[in-house]
Amino acid sequence: LSLDQIAELETLGFVWDIERAFEDKFAELSAFKSMHGHCNPPRNPSTAYFSLGQWFYELRKSYAQIQQGKAPQWPLSQEQIRRLEHLGFRWKLSNRNAFEDRFAELALFKADYGHCSPPQTSATPYYSLAIWCNDKRR
């Protein structure tokens, strides 16, 4: 890479040090848990926690690869696994957890907009949340 290419990547917030990336996301997850009482940030792009939720989604996939004896997409040390589990992070999400995740997403929506009726148009980032709410109303 040229120095210009390196500078361009860094302006986007590109992280060179994987260990530092883990520590940064772990700190974000700790703060999220302090605020919301759980370690499952939503992966919906309409929330402020999308990148955190997406990162931990990918980490869950890597953990599953490790459990299957495959090379993980994201390397995880036993110490990192232990720290996440100690914080209350769950590697597998059940349907109950899926409800909790959507409920947390709806709570964030309400905090931002003051109501629990996400727009039902597919052009909005809240469409899947609106579908979930409609399903619960049936």
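The values are calculated or read from the model by the stated rules, or taken from the named source; none is laboratory data. This one's a predicted model, so the numbers in the text were calculated from it and none came from an experiment. For neighbour counting, all protein chains shown are included, and Cβ atoms are generated from backbone atoms with ideal geometry for every residue, glycine included. Surface accessibility is based on the protein's heavy atoms, side chains included, excluding ligands, DNA and RNA. Shrake-Rupley method; radii C 1.70, N 1.55, O 1.52, S 1.80 Å.
Here are some notes:
- Filter result for the condition that a residue is assigned to a helix (DSSP H, G or I) and over 19 Å from the mean Cα position of the chain (by Cα), over E85, E79, E105: E79
- On the stretch given as the stretch 7-30, residues that are open to solvent by 60 Å² or more (accessible area, probe 1.4 Å) and at pLDDT below 90 total 10.
- For the stretch 36-71, filtered to residues that are among the aromatic types (F, W, Y) and surrounded by fewer than 18 Cβ atoms within 10 Å (Cβ to Cβ), the residue that is farthest from H86 (Cα to Cα) is F50.
- Breaking point among (1) open to solvent by less than 50 Å² (accessible area, probe 1.4 Å); (2) part of a helix (DSSP H, G or I), for K33: (1)
- Annotation: C133 fulfils all but one of (1) assigned to a loop (DSSP other than H, G, I, E, B); (2) over 24 Å from K33 (Cβ atoms); the unmet one is (1).
- Test set (1) out of contact with any Lys or Arg (no Cβ under 8 Å at 6 or more places or on another chain); (2) within 30 Å of K110 (Cβ to Cβ); (3) open to solvent by less than 60 Å² (accessible area, probe 1.4 Å) - Q80 fails condition number: (2)
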